[in-house]
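Below you'll find the structure, written out as structure tokens, and then a few comments.
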Amino acid sequence: MGDKIAVLKIKDHYSIRRGDIVIYLGDPIGKGKIKEKMKRVAGLPGEYFKIDRGEIYAGPNEDNVSHIYIKGIRNDDSNYEPLRIPDGSMFLLGDNMKVSRDSRDIGPVPFEKIQFKAFAVYWPLWHVKLLTGLKSFIISIVKAMREAEEHQIES
């Protein structure tokens with residue numbers, strides 16, 4: 001708790017991969033305010049997805065799901081009935097499944113609610129780390145730089 005993270009605004013949802021940490025618009029918290037929430041991507045659009053005794057399974061159809069490991073998620077002993085994740089949505093889980101309120105409670109989250117992708121912790125200094133692989137991090141930075149250049153040229 002209290003870590004400060006660096007994020008990139010998501011322009012297209014094709015850049016999101018299983019295991020990425022995203023920030024999405026959660027439930028209204030009163031007076032027109034919306035709380036942003038941070039969760040990890042577990043299921044992708046069009047996949048069949050289930051949780052059996054805390055183990056996560058995903059695949060192209062209900063009869064062909066495989067166990068998947070998602071770094072960072074601490075499994076519990078919960079179950080979640082198989083479902084097909086709708087196109088245009090993702091299944092998000094909290095890293096601590098035992099106490100997290102996530103897609104198991106609210107269902108798959110539509111793309112339009114997913115706003116940012118976290119890529120690094122920058123504070124406190126002893127917590128500094130990348131939240132994505134180095135290759136993904138470099139690609140994200142290059143994309144952001146290109147977009148900044150395009151914006152500057154258009155202005």
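Can you compute the FRET efficiency between Arg146 and Leu125 using 1/(1 + (r/R0)^6), with r the Cβ-Cβ distance and R0 = 35 Å? Round to the nearest 0.05.
0.75
Compute the distance in nm between two label points, each set 7 Å from the Cα along the Cα-to-Cβ direction, one at Ser78 and one at Ile106.
1.3 nm
Search the structure for amide H atoms under 5 Å from the amide H of Asp20, placed 1.01 Å from N in the peptide plane, and list their residues when 5 or more places away or on another chain.
For Asp20, whose amide H was placed from the backbone, the distant partners under 5 Å are Val41.
Given the peptides 58-65, 113-120, arrange them by the average over their residues of other C-beta atoms within 10 Å, most packed first. Show your work: numbers first, answer last.
Working: 58-65: 13.2, 113-120: 18.2.
So the order, starting with the most tightly packed, is 113-120, 58-65.
Values in this text are rule-based calculations from the coordinates and carry no lab data. Here the structure is a predicted model, which means the values were calculated and not measured. Note that each Cβ is placed from the backbone with ideal geometry, even for glycine, and that neighbours are counted across all protein chains shown.
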